[in-house]
Amino acid sequence: MAKVRTDLMQGTLELLILKTLSRDQMHGYGIAQRIHEAVDDLLKVEDGSLYPALYRMEERGWIASEWGVSDNNRRAKFYRLTKAGRKRLEGERANWERVSQAIGRILETA
Amino acid sequence: MNVFIGPIQRLNRRRLQLQIEEELQFHLELLTAEHSRQNIPWDQAQAAALRRFGDVEKIRDECVRIASRNHPVVLAFKWFLGFVFVTGVLVRVFGTDYHVTRIGTGLMAVAILSRVLLYVRGMTRSTFVKAHHDSAPLKLNDS
């Protein structure tokens, strides 16, 4: 059966990035790969859309970045979650669960 | 105020642009390599990578805009205005001579007006960064 790819809901990309970075520090390509693997192409995520989100999140202090060397010996910018980011992840996660639960209830009853 | 902050911002914007281009290029090269491992010609792999990535130049410009807002030079300028204001207050309070107190008032006025100008111009630090269209479009490394 062909997979239907759904556009990512606004705001959820940040949650996906926060969750991805909660395990380890990563460069942009690594984050994109991890997200693609996790969503198994069910969600439509353009790789490039990660970067403005990463820069905005860095501006807000949720993530921090530094230049390092990648596995293929290339200079790459690595992102990691900050303490504020970890807190934000918890908040966003709880919020997501509340919203999806509420929508689920409406769909079941309405 | 653009006379002071403009050239610094332009230099900073160029530096940010180069860093962001390097970051995006790294991503595009890895994506191309990923596609080329599926036994498709390199040019088709590049095209597929670009399709998956999205509009490179638009993304780069958006990142530069966000990163410029954040830059320490502009934050330092705001701190400097704060320092000028405090100096003005101290000169005004402790200055005994009439001319000295006038200098204090002047410093306070300059600091307040500069800060108001920053505010009026849109509150964002990126307001002072003019768009650059002179940079070459991002290219994939064919080597």
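Quick look at the numbers
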item	result
Subset tally (residues that are more than 17 Å from residue B:24 (Cβ to Cβ), buried (at least 20 other Cβ atoms within 10 Å of the Cβ) and among the charged types (D, E, K, R)) for region A:30-72	0
Residue within region A:85-101 that is away from chain B (no Cβ under 13 Å), outside any helix (DSSP H, G or I), modelled with pLDDT under 95 and more than 25 Å from residue B:16 (Cβ to Cβ) present	no
Any chance residue B:91 is more than 14 Å from chain A (Cβ to nearest Cβ), farther than 25 Å from residue A:66 by Cα, in contact with a Gly (Cβ under 7 Å, 6 or more places away or on another chain) and among the β-branched types (Val, Ile, Thr)	yes
Check on residue B:69, at pLDDT below 90 and within 14 Å of chain A (Cβ to nearest Cβ)	yes
Condition check for residue A:75: within 22 Å of residue B:59 (Cβ to Cβ), touching a helix residue (DSSP H, G or I) at 6+ places or on another chain (Cβ under 8 Å) and loosely packed, with under 14 Cβ neighbours inside 10 Å	yes
Total residues in region A:12-55, condition outside any helix (DSSP H, G or I), more than 16 Å from residue B:26 (Cα to Cα) and more than 10 Å from every other protein chain (Cβ to nearest Cβ)	9
Set A:85, A:104: member being among the small types (Gly, Ala, Ser), farther than 19 Å from residue A:52 by Cβ and either touching a Gly at 6+ places or on another chain (Cβ under 7 Å) or surrounded by 10 or more Cβ atoms within 10 Å (Cβ to Cβ) (or both)	A:104
Residue A:58 being within 10 Å of another protein chain (Cβ to nearest Cβ) and not aromatic (Phe, Trp, Tyr)	yes
Residues (part of a loop (DSSP other than H, G, I, E, B) and not β-branched (Val, Ile, Thr)) located in region B:28-45	B:37, B:38, B:39, B:41
Index of the failed condition, residue B:62 passing every other in (1) of a type outside the set (A, V, I, L, M, F, W, C); (2) surrounded by 13 or more Cβ atoms within 10 Å (Cβ to Cβ); (3) more than 8 Å from chain A (Cβ to nearest Cβ)	(3)
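The values are calculated or read from the model by the stated rules, or taken from the named source; none is laboratory data. Owing to the predicted nature of the structure, the values given are computational and were not obtained by experimental measurement. Note that we place each Cβ from the backbone using ideal geometry, even for glycine, and neighbour counts take in every protein chain shown.
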